[in-house]
1. Where Lys and Arg each count +1 and Asp and Glu each count -1, what net charge lies around Ser305 among other residues with Cβ under 11 Å from its Cβ?
2. Starting from the Cα of Lys136, draw a straight line to each of the aspartates and glutamates and keep only those under 13 Å, dropping any in the same chain fewer than 8 residues away.
3. Calculate the spin-label point distance for Ala169 paired with Phe281, positioning each point 7 Å from the Cα along the beta-carbon direction, and give it in nanometres.
4. Using label points projected 7 Å from each Cα along Cα→Cβ, tell me how many nm separate Thr259 and Ala93, to one decimal.
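Each reported figure results from applying straightforward, stated rules to the coordinates on display, with no laboratory input. This structure is a prediction, so every number in the text was calculated from the model and none was measured. Cβ atoms come from the backbone with ideal geometry, glycine included; neighbour counts cover every protein chain shown.
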Amino acid sequence: MNWPPPITRYNQRIPHMRARESSGLRLGWLASFLLATVFLPSSLFASGLGDTARQLAHKIASATGPGTFALEVTNRSSLDDKSVSEVHSALEAQLHVEGVSTAKAEQAMGTVEVVLSESVREYVWTAAIVIGSDEKRVALVSMPRSSTGTGTPFTAALPIVLKATLLFAQEQPMLDVALVEMPGGARLLVLNGSTVAIYRQRGVNPPRWELETSLSISHSRTFPRDLRGRVLLRRDHLFDVYLPGTLCRTTSSSLAPLTLTCNDTDDPWPLTPDDASVRAFFAASRNFFTGALSPGIGKVSNVPSFYSAAALPRSNYTLWMLAAVDGSLHLVDGMTDQLIRGGKWGSDLAAVHSNCGTGTQLLVSEGGDAERDGLRAFEIPDRDPVAASSAVEFDGRIAALWPESTGNGAAAIVKRKDTGWYEAYRVSISCGN
């Protein structure tokens, strides 16, 4: 059955003011104060938008020189339609001053595609400039969010929509789940602390799962109290299971007969569903990765201890995002390790491929609430996370978040705050308007 959690919407904060009494023109003073309070922040915001748009127009004109270009503005931020229109008008006006006129694409010598995006700290605007058939340039400006006075971010429609579909629920803790298509119908693999339960789908809408078999996990080491585990589908056999100090593997790719062989090992875990992925050593007595990598990310073989990681493909390298145990985020490109602070980041990350935006989005859990968790999609166009979706919220805390073996979705395990039961959701991405 499908239970998509509600999309949370935020209202702007309302400033509280206290007017003191004064003699004489008290009412007139109060009216003037209120008018200034209401209109000054919005006028300052509009001024900031215009100034930033003119800065970007100057950079565009410096790159293009005089001429006629087709201008397109796409909004991927929380700016409303009125603000976007003001930005567009300011861009065109300043471009005209700089000797650049705008026209339709068939009448222009090139194109300028402006994307309005935002990070947790600032608005980030990029202009992709194409002159002729092959000359390409990029201009970028930013504007601090704190100076806008617009309240809570992410209030407008964003270009990506997250959907969370309930797959399964049980009282016993779940560590991971995986959907697999097999002869006779879909199967759901449910990883618990001591077994891998395999359920067969009997219904479609809503789906009904019937237990088909259960495979025991043998191990000689004592598992930590806060247990984490991973189930990964494989091509030459059905699946692998990674647990602290333990690796299990099925003996075949079919269900009959199917056995699970487990061994004690300190081998590193793959950080993506790809078996040839970068691997990281898991602390057998804890619930996080130690930071030692094998193989490394380019020239980087050691990173801070982290809970989760996600790989974001680039044209000639892979950018890795790590959720460190100290609450910070790290961007590792094989040469450098960039630290990102300031956001209310959770400890769970997952990369999901889609047909939207750059083609790969980063799912990040949102910290700050002791009883409820949420997920939001981000893109990272210039080493700074940019919100690409509204948050999808759950009625409890996220216990695990792992990308699917296909990479097209993620499995989120949630412990409900009211019943204490564990629920497994499939989180998918669709393109917004």
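1. Values: positive: Arg286; negative: Asp326.
That works out to 0.
2. Here the aspartates and glutamates satisfying the reach criterion relative to Lys136 are Glu113.
3. 4.2
4. That separation, rounded to one decimal, is 7.8 nm.
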